[in-house]
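Below is one structure, written out as structure tokens; comments come after it.
The values are calculated or read from the model by the stated rules, or taken from the named source; none is laboratory data. Only a predicted model underlies this, so the values are computations on that prediction, with no experimental measurement involved. Glycine also receives a Cβ, built like all others from the backbone with ideal geometry; neighbour counts cover every protein chain displayed. Please note that ligands, DNA and RNA were not included when accessible areas were found on the heavy atoms of the full protein model with its side chains. Shrake-Rupley method; radii C 1.70, N 1.55, O 1.52, S 1.80 Å.
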Amino acid sequence: MTRRLPTNFVIGGVLVALVVGTAALSLVWTPHNSTQMAISNKFAAPSSTYWLGTDQLGRDVVSQLMAGARNSMSVALIAVLMGGSIGVALGLMASAIGGWVEDGVMRLADLGFAFPALLFAIMLAAVFGPSLGNAVLAIAFINIPVFARVTRGAANQIWTLDYVSAARAAGMNRFAISRDHILPNIGAVIIVQATIEFAVAILAEAALSYLGLGAQPPAASWGRLLSEAQTLMYLAPQLAIYPGLCIVVAVLGFGLLGDGLRDMSEPRLRRER
Amino acid sequence: MGYFIFRRTVGFILTLLAVSVVVFAVMNVLPGDPALTILGMDATEDALAALREQLGLNEPLLTRYVNWVWNALQGDFGISHSFRVPVADLIVERLLMTVSLAVAGMVVTLILALGLGIGAAAQHRKFGDWGVMFLSQLGIAVPAFWLSMLLVLLFAVNLRWLPPGGFAGWSDPMAAIRSLILPTIALAVVQSAVLARVTRSAALEVMRQDFVRTARASGLSRRRVLWRHVLPNAMVPIVTIVGMQFASLVTGTIVIENVFYLPGLGRLIFQSISNRDLPTVQALVMLFAAIVVTANFVVDLLYVVIDPRLKARA
Amino acid sequence: MIELDDFSVGFGAGTALRGATLTIRKGDRLGIVGESGSGKTMLALCLMGMAPDSAQLSGRLSIDGRDMAGASEAQWQVLRARRIAMIFQEPMAALNPLRRVGDTVMEPMRVHEGLSRGAAHKRALALFEEVGIPEPVDRMRQFPHELSGGQRQRVLIALALACDPVMLIADEPTTALDANVALRITELLVRLARERGMALVFITHDLAAVARTTQDIVVMYGGDMVERGATADVLAAPMHPYTRGLLAARPDPTVPARNADGTRRRLPSLPGSVPPLNALPQGCRFAGRCPVELAHCATRRPATRLVADNRQAACHLLEEQAR
Ligand SMILES: Nc1ncnc2c1ncn2[C@@H]1O[C@H](COP(=O)(O)OP(=O)(O)OP(=O)(O)O)[C@@H](O)[C@H]1O
Ligand SMILES: [Mg+2]
């Protein structure tokens, strides 16, 4: 029987492909240089040269949005990879060792939940000055407890299975079991979580850059483009629309994709969510 | 019961202490020399020495931490470097603004989310259900600050019904409320998207249970069954999410204040970042994190109030 | 009071109730028996206007002379609790766990009759006494999880009686209970029906209980009413092969209704079980399991025949004999 792919997976996949494709394309090509200014050409209307027109400094909007996609994707990728790998490692360790180590890791994770990314970014900005790097660090940091919890929960289930007991009886050490048996078996759970956290990271980066704690001018970031557009709301309201739409498409895409992946990996839970 | 509350209270206090250690460490150890951070590279050695003396930086770290916590417990958060008044005074002046926004946002969130979530569950698999699910999926993806901008664009720039931002104080209550309408909506819409989904699935879970059938067999209207029987039983997961949402409520409030130029704690924290006002930032971050931790503690206690079965076990 | 004529309930998968015909008058005590899946609960839910949304209903249903076949939810709400009340299979799950049982019992009184808290409390107290709950004042303040199974079932009976209904449907009220408690609940229901002049529809697997409690009996199988008549007559001289099978498979009354581990003992069963809706034969539903099957049983539906005074059965064998 061929099973139909879940709708959310399909829609999410298409949106993600669109965003990731755009980001990849911007590495090699954008219609114009996204940072090149031409004051004489400011607020140009959409045309065949400037598909969505230009901004207050005469920069091409499409090129900026494409560069913004690249920025969003790289920030999300780095932050989720960093936070995710630390979190997964902690979760695996907690699960493998158990006892007070497990308790300790989980209490630390609880502590992490007290700090939303914004608070962490605020502290870093106050100490080191605002920068995109600090924003990435802050987003990576909040990912650690999320992944630690998910990993430990999933790993604990695998540890109870027969073949893991067999491996233990065969004298394999806990580290090797975690690497060879546990990790491959919880991969699906981690990938689902990573996809969802990708969406969260995109939102967080946009908010931090909007507030001036992330990407600094002239770097293009959807959030930063919006903060510039806000001062021009009476002059050029259209500039406040496009970057927001991009954020929604990207976040929606990764969110739906994550939900869809989860539905596919846990068909039991599919019915009533 | 008593033991349960005792254990949770101890856990709560320990978490608060741990949070304070993290905040203190990030703000005092990471920068190396806070005085240098505050005054900048080109400060004179005399000025630096004076500031170190004033901030007590010459004491050992542990002493500084204990002093900070001890003073904070008595409502003394030190002196703001940029405003040159006690940080506590700054906070008190702006607290009302922030609390009003957060409370209004929370109330509207609860009304929206419970209404939509229960409504969707009642309409399960029909048009209303799909509508709510679609809107909430969208709501989760929309950044609060962009929604704010769209609201301003529509209601302030185009229709001119409401002010685009700013706050003239409480002396004219009507104007104050008008300034708070858009921020409240922006805060609530995004929050309620998540909560409406949780409410819906929790309600669907409860509706499968036998006692709902009993209630209907007693001739109660669907509406009464939903609100008086289903909703209370769905409250445990709902309250859990509300507790977890306090983190995003705090974040949302800070962001929204900056979008609408509302003079609250969220604005203050950003002014303090620009001014390199470390004591103020430190106090505010600690305050916000404490609110998040406290909210989760209160949720733990609420479970027992909601569900009499837990009371027996706890 | 209730008249059901050629009433059917269909689902996508098949027919859960096929041409049910039934009349219940004031003061009747009617037993409905049949194996799991024979449609007893479905029938009861239809009488309450609570068939699942996905069900397609057809046929005539009238209550108090009013046609209720296409009635709205609002029309049903008027009847529920005040004319017809129902108690369900599982007393464990049938009470709102977050409410004191007294409040649960008082709710319909306050909603339907606008009683004040004080008046409702007084009536609930009287009901708790009537259904035999000791120390009713304290019990009313307790939550369901603080009561035993038998007490919960009594609370549910009190709830059903809250607005003085003229008919009570009890859907396997005792299957989840110990034999001893079950016996007393059954006695209570009969006593209440007698004292209040209330009609009682008693749904059960337990033929002994039916014999003790009811005057009339309907035997159901696979959504059909296969045999009916005075309880004593039907049990003494069953005419339908299915009824005979049920009686033969009757459990030893000395064996408790529950297994040692507390799970519900499978009902007294003849070999096999009721097939799911989509696998039921189109003719006689019992075809395939029937010991005396004729060639056309599986394809042709037997008519319901009046076989004796007040005795009906639907079986091709009886038609053959009559011919
Ligand atoms: N919502 C529904 N959708 C589809 N089929 C249903 C539905 N509810 C019940 N049925 C089917 O209707 C048939 C009759 O079920 P019913 O619950 O009335 O049996 P019962 O005689 O009460 O059995 P039991 O003794 O186990 O309570 C069963 O085959 C059941 O699978
Ligand atoms: Mg049943």
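Let me know the charge dipole size of the stretch B:66-198 about its Cα centre in debye, to the nearest 20, where only the beta-carbon of Lys, Arg (+1) and Asp, Glu (-1) is charged.
Charge dipole of the stretch B:66-198: 440 debye, to the nearest 20.
For the stretch C:103-210, what is the Kirkwood estimate of the hydrodynamic radius, computed as the reciprocal of the mean inverse distance between distinct Cα atoms, to one decimal in Å?
Taking the inverse mean of 1/r over all distinct Cα pairs, the stretch C:103-210 comes out at 14.3 Å.
What percent do you get for the relative contact order of the stretch A:74-272 when only Cα pairs under 8 Å and 6+ apart count?
Computed over the stretch A:74-272, the figure is 24 percent.
If you take the accessible area of A alone plus B alone and subtract the pair, what total do you get in square angstrom, rounded to 100, with a 1.4 Å probe?
Using a 1.4 Å probe, the pair buries roughly 3800 Å².
Which one, C:Val166, B:Met174, B:Ala43, is farthest towards the positive end of the dipole of the protein assembly as shown when Lys and Arg carry +1 and Asp and Glu -1 on their Cβ?
Checked the options; the winner is C:Val166.
Express the C-alpha Rg of the protein assembly as shown as a ratio against the empirical globular expectation 2.2 N^0.38 Å, rounded to two decimals.
It is 1.19.
Debye calculation, C-alpha points only, no solvent: report log10 I(q)/I(0) for the stretch C:96-138 at q = 0.25, 0.32 Å⁻¹, in the same order as the q values.
Once normalised to I(0) and log-transformed, intensities are -0.87, -1.14.
Shape verdict for the stretch B:2-73, please, from the Cα gyration tensor: rounded (a/c under 1.5), prolate (a/b greater than b/c) or oblate.
Verdict is prolate for the stretch B:2-73.
Tell me, what are the semi-axes, in whole angstrom and largest first, of the equivalent ellipsoid of the stretch B:1-42 as set by the roots of 5 times the Cα gyration tensor eigenvalues?
Each semi-axis is the square root of five times an eigenvalue, giving 38, 6, 4 Å.
In square nanometres, what is the average projected area of the Cα convex hull of the stretch B:1-139?
14.4 nm²
Which residues' amide hydrogens lie under 5 Å from the amide hydrogen of C:Ser8, considering only partners 5 or more residues apart or on another chain, with H built in the peptide plane?
Counting only residues 5 or more places away or on other chains, the set is C:Gly19, C:Ala20, C:Ser58, C:Gly59.
Taking the Cα centre of the stretch B:2-73 as origin, work out the dipole magnitude from +1 charges on Lys and Arg Cβ and -1 charges on Asp and Glu Cβ, in debye rounded to 20.
Charge dipole of the stretch B:2-73: 680 debye, to the nearest 20.
Return one number: the angle in degrees, 0 to 90 and rounded to the nearest 10, between the long axis of the Cα atoms of helix C:179-196 and the longest principal axis of the Cα atoms of chain C.
Orientation of helix C:179-196: about 80 degrees from the principal axis.
Working from Cα positions, state the angle (0 to 90°, nearest 10) between the long axis of helix C:117-130 and the longest principal axis of chain C.
50 degrees
When a/c reaches 1.5 or more, the comparison of a/b and b/c decides; with that in mind, is the stretch C:1-44 rounded, prolate or oblate per its Cα gyration tensor?
oblate
Express the carbon and sulfur contribution to the solvent-accessible surface of the protein assembly as shown as a percent, rounded to the nearest whole number, probe 1.4 angstrom.
61 percent
How are the C-alpha pair distances of the stretch B:87-313 spread across 10 Å bins, as whole percents from the shortest bin up?
8, 27, 30, 22, 10, 2, 0
Along the charge dipole of the stretch A:74-272, Cβ charges K/R +1 and D/E -1, which of A:Ser227, A:Ala154, A:Gly258 sits furthest on the positive end?
A:Ala154
Tell me, what is the per residue accessible area of the protein assembly as shown in Å², probe radius 1.4 Å?
44 Å²
Report, in order of residue number, the helices in chain B meeting two criteria: a C-alpha extent of 30 Å or more along the helix axis, and a mean Kyte-Doolittle hydropathy of at least 0.0; treat each whole DSSP H run as one helix.
B:2-28, B:87-122, B:173-207, B:231-259, B:278-306
Across 5 Å bins from 0, what is the distribution of all Cα-Cα pair distances for the stretch B:211-257, in whole percents?
5, 20, 17, 12, 11, 10, 9, 7, 5, 3
With a length cut of 15 Å (Cα positions projected on each helix's long axis) and a Kyte-Doolittle mean of at least -1.0, go through chain A and give me the DSSP H helices that pass.
Correct list, ordered by number: A:7-28, A:61-97, A:99-113, A:117-128, A:132-159, A:183-210, A:242-265.
In Å, what Kirkwood hydrodynamic radius results for the stretch A:52-135 from the alpha-carbon pair distances?
That comes to 16.0 Å for the stretch A:52-135.
Can you work out ³J(HN,Hα) from phi for every residue in the stretch C:28-44, in order, using Karplus 6.51 cos²θ - 1.76 cosθ + 1.60 and θ = phi - 60°, giving whole Hz and x for Gly and Pro?
Running phi through 6.51 cos²θ - 1.76 cosθ + 1.60 with θ = phi - 60° gives 5, 10, 10, x, 10, 10, x, 6, 4, x, 8, x, 5, 5, 4, 4, 4 Hz.
Place a +1 charge on the Cβ of each Lys and Arg in the stretch B:87-313 and a -1 charge on the Cβ of each Asp and Glu, then give the dipole magnitude about the Cα centre in debye, rounded to the nearest 20.
1120 debye
Can you find, among A:Met82, A:Val189, A:Tyr210, the residue sitting farthest towards the positive end of the charge dipole of the stretch A:74-272, where Lys and Arg contribute +1 and Asp and Glu -1 at Cβ?
Value: A:Val189.
How many square angstrom of accessible surface are buried between C and B, both sides summed, with a 1.4 Å probe and rounding to 100?
Chains C and B together bury roughly 2200 Å² of accessible area.
What do you get for the angle between helix C:101-113 and the principal long axis of chain C? Use alpha-carbon atoms, 0 to 90 degrees, nearest ten.
It is inclined by approximately 80 degrees.
Over chain C, what is the mean sequence separation of C-alpha contacts under 8 Å (at least six apart), divided by residue count, expressed as relative contact order in percent?
21 percent
Could you state the principal axis extents of the C-alpha atoms in chain C, from the largest down, to the nearest angstrom?
Taking max minus min along each principal axis of the Cα atoms, chain C gives 66, 46, 37 Å.
Given just the C-alpha atoms of the stretch B:163-282, how large is their convex hull per residue in cubic angstrom?
138 Å³
Per the Kirkwood treatment, what hydrodynamic radius in Å, one decimal, follows for the stretch A:74-272 from the mean inverse distance over all distinct Cα pairs?
After inverting the pairwise mean of 1/r, the radius is 18.5 Å.
Which whole-number percent is the relative contact order of chain B (Cα, under 8 Å, 6+ apart)?
Normalised by residue count, the contact order of chain B is 27 percent.
Would you pull out the residues with amide H under 5 Å of B:Ser80's amide H, same chain only if 5 or more places away, H placed 1.01 Å from N?
B:Val85, B:Val87
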